[in-house]
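Everything below concerns the one structure shown next.
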């Protein structure tokens, strides 16, 4: 049997047909155009499913289930409760899809399914319990406990970006709280810290890299300049690495998993970033002689979204 | 069958014989006198076990297992790796006990076993997943996931007191880190905040309650004065309640359990404290229309230690 997965993003949707091991057989994609009625988005989604099945030379009766990763929260009835950047509230997504294709439909948060993909077919494949952190515009997470994706009792678990790590005088978060982890550990946080450094040091290398316009500074500018040894970029990078280490240590102190996986844009910094965190972790670890979770980079990249969504069919 | 539980504290050890439902049949206790060689502590522990069995009129062959809650960390071989206030490092506790009584011996952290007791025989009995927070000198936790006590992969999970909630300019913690949850949510934290208030307001009610000596101020002074409506004590209490709400919200954002249980000395403030947190939680909750964990007071009190230790025998 095969599985269909959909990664429903704010700008485009990617659809894949994968086998039970997570190997991609074929994929298709199309712009999301989220301003449209949801029925039109679903129609395009289904069109992509059939395109991908055709490319894969897989018949509809060979498909076990359909999974969808959404940048939001769904309930157990397949209703999307919130999906902010699509402007969705209480959208009956499962029901709408089943009007077109008569398969079991599983819906989960995009970070959850990316974490599930890394467990089912990626870097955390041989672990029992892992926490995947995606470091992008925000910070998301996917928690796998004893080989099962952990959604929580009310489907609101793994909102790791909104664990508060600065209760006093924290940065204001888009969620309305202050001091959330994602204000310190996202790509957005690196950019903020980089801009602050540029304002203090208008002649610095970072300022050159963004062509003198701090609004064009991105996380890669900072990481690349730090890799090259630039002192100011290194200062920014080290500050970011310290916060990220605190976030990783908080996961260890809470759940003590086998492995913590870093994904998302910032994780492309690779071993340079992983080693910066690994070096700092012993200082935060409570029990100096006891081992703790291995820290690894995600390996499925952008495809993790639809692979994990597809493989929701094997999490049941 | 019956189960023996030991709550090994720094000042005294309490031993109980309980049935599979956690009902106490008999108990015994003796001072710990932790300066002695561990073999002598174990000999006293075993003496208490036989005293409790005799009181309970339970024979040794009716005992299924022995469980011990320690203020520290044990490994899977029953070796106590750390137990700071007993001065223990790498003590083969299971082996030493089995020299005296030939039963399976389970050892776990005292907060873990208290959480387990509340799940197995207390307030969280009918839940699947719960997090117990003990608010005492420090802050400990016990996590139950799908009806099993969660020790983590390396036995270092549930160190909730050392989740960092103030990465920048946090209070120095006894563990060496700064900004740990227990610096803001323990009885010690209430006392610190109460003392700060007394220093600013030397004529306040709190100052009267501690007889003019801030070194004698305790958490109960603050909570009682707040219950009476004293403005300064209320200010301290509200500040504490805000931090505790952040800690509770962090548990929800991470694990989203069925129930969060508050135990330990501060929890004796009862509904006054619980309601202060319940009122504040909606402000921190990410998904305004979705429900989240119920917040409840622990109900087994000090006996939770040996009840939970005893019932480690049914967690296997």
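Odds and ends about this structure:
- Within the stretch A:250-276, being without any contact (Cβ under 8 Å) to a residue 60 or more places away in the chain and over 30 Å from residue B:144 (Cα atoms) holds for A:268, A:269, A:270, A:271, A:272, A:273, A:274, A:275, A:276.
- Elements of type helices (runs of 4 or more DSSP H) in the stretch A:149-249, at least 2 residues being more than 14 Å from chain B (Cβ to nearest Cβ), farther than 30 Å from residue A:313 by Cα and touching a residue at least 24 places away in the same chain (Cβ under 8 Å): A:187-200, A:205-209, A:219-227
- Qualifying position, being more than 12 Å from chain A (Cβ to nearest Cβ), crowded, with 19+ Cβ neighbours inside 10 Å and farther than 29 Å from residue A:295 by Cα, among B:60, B:118, B:95: B:118
- Residue within the stretch B:244-257 that is under 30 Å from residue B:30 (Cα atoms), surrounded by fewer than 24 Cβ atoms within 10 Å (Cβ to Cβ) and within 19 Å of the chain's Cα centre (by Cα) present: no
- Filtered residues of the stretch B:171-196 (kept if surrounded by 20 or more Cβ atoms within 10 Å (Cβ to Cβ), more than 20 Å from residue B:269 (Cα to Cα) and touching a helix residue (DSSP H, G or I) at 6+ places or on another chain (Cβ under 8 Å)): B:177, B:180
- Among residues of the stretch A:273-316, those that are assigned to a loop (DSSP other than H, G, I, E, B), in contact with a helix residue (DSSP H, G or I) (Cβ under 8 Å, 6 or more places away or on another chain) and more than 14 Å from residue A:263 (Cβ to Cβ), counted: 6
- Annotation: of all residues in the stretch A:121-134 being more than 10 Å from chain B (Cβ to nearest Cβ) and touching a strand residue (DSSP E or B) at 6+ places or on another chain (Cβ under 6 Å), the one that is surrounded by the fewest Cβ atoms within 10 Å (Cβ to Cβ) is A:123.
- Hits in the stretch B:63-82 - residues which are touching a helix residue (DSSP H, G or I) at 6+ places or on another chain (Cβ under 9 Å) and within 14 Å of chain A (Cβ to nearest Cβ): B:70, B:71, B:72, B:74, B:77, B:79, B:80
- Any hit, the stretch B:257-269, residues being over 30 Å from residue B:199 (Cβ atoms), part of a loop (DSSP other than H, G, I, E, B) and assigned by TED's automatic domain parsing to the domain that holds residue B:141: yes
- Criterion (buried (at least 21 other Cβ atoms within 10 Å of the Cβ), out of contact with any strand residue (DSSP E or B) (no Cβ under 7 Å at 6 or more places or on another chain) and either closer than 21 Å to residue A:302 by Cα or without any contact (Cβ under 8 Å) to a residue 12 or more places away in the chain (or both)) met by exactly one of A:41, A:8, A:33: A:41
- Options B:278, B:296; residue that is under 19 Å from residue B:223 (Cα atoms) and surrounded by fewer than 17 Cβ atoms within 10 Å (Cβ to Cβ): B:278
- Scanning the stretch B:135-147 for residues that are in contact with a helix residue (DSSP H, G or I) (Cβ under 9 Å, 6 or more places away or on another chain) and at the interface with another protein chain (Cβ under 10 Å from one of its Cβ atoms) turns up B:141, B:143.
The values are calculated or read from the model by the stated rules, or taken from the named source; none is laboratory data. Since we're looking at a predicted model, the values are computed, not measured. Backbone-built Cβ (ideal geometry, glycine too); neighbour counts: all protein chains shown.
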